[in-house]
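Visitor: Below: one structure in structure tokens.
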Amino acid sequence: MKIPSKLFLLIFLLYCQKDAAARIHIRYSSYQELKPAADLPNTTTYLITKEPGWKEDHYLDLATLTVEYGFNKIIPIWVKEPPRLVGYDKLTGKYYELSPEELHIILKENSLDAKQLLRISFYKRHGGKVFAGILVVLIIYGLMPTRTRKKIITPQKI
């Protein structure tokens, strides 16, 4: 039985695409990073209004919200928006926008320093740049020609 060459080529290409789909998918995009900053006391002042389905009371805490750009949410390249303080519910993971007046009152009542809470770690600020720099240095080092001198082999009599 003779298989036409175009059909054989089509079948071959279809089977080769399965290997390409099995590779690791690297995502790079901007994302929101929400990090708890301060645990406020569980009092009625910070009680969040109850939503349907909640069995216990939820209390407001403070968190920093930053918008970052990076690979797979693991390697941050740069911070797109500076961090800001938001209200945060630990149990649901939701955050709530707070007005500057509300935020000032919360910080004053709990004697918290806003500058200290808004600090970004060295890795978040410069981690991706350091990683990219090391990668560029390794690529340049790999492209540099090496000088190897070959030994001249002279024939010898035995």
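The values are calculated or read from the model by the stated rules, or taken from the named source; none is laboratory data. Every value quoted in this text rests on a predicted model; they were computed, and no experiment measured them. Virtual Cβ from ideal backbone geometry, glycine too; neighbours counted across all protein chains shown.
Visitor: Within the stretch 70-117, can you find the residues that are small (G, A, S) and either at positive phi or surrounded by 12 or more Cβ atoms within 10 Å (Cβ to Cβ) (or both)? Reasoning before the result, please.
Guide: Looking only at the stretch 70-117, we keep the residues that are small (G, A, S), and these are 70, 87, 93, 99, 111, 114.
Once the filter is applied, which keeps residues that are small (G, A, S) and either at positive phi or surrounded by 12 or more Cβ atoms within 10 Å (Cβ to Cβ) (or both), the stretch 70-117 yields G70, G87, G93, S111, A114.
Visitor: Restricting to the stretch 1-55, give me the number of residues that are farther than 30 Å from T66 by Cβ and modelled with pLDDT of 80 or more.
Guide: Total satisfying the criteria: 3.
Visitor: Related question: With the requirement that a residue be closer than 23 Å to E81 by Cα and modelled with pLDDT under 90, what does the stretch 131-149 give you?
Guide: Scanning the stretch 131-149 gives F131, A132.
Visitor: Restricting attention to the stretch 120-155, which residues are touching a residue at least 24 places away in the same chain (Cβ under 8 Å) and under 30 Å from L60 (Cβ atoms)?
Guide: Selection gives I120, Y123, K124, R125.
Visitor: Also: Looking for whichever is within 29 Å of H25 (Cβ to Cβ) and in contact with a Ser or Thr (Cβ under 7 Å, 6 or more places away or on another chain) here; the options are Y123, Y69, Y95. Which one fits?
Guide: Y69
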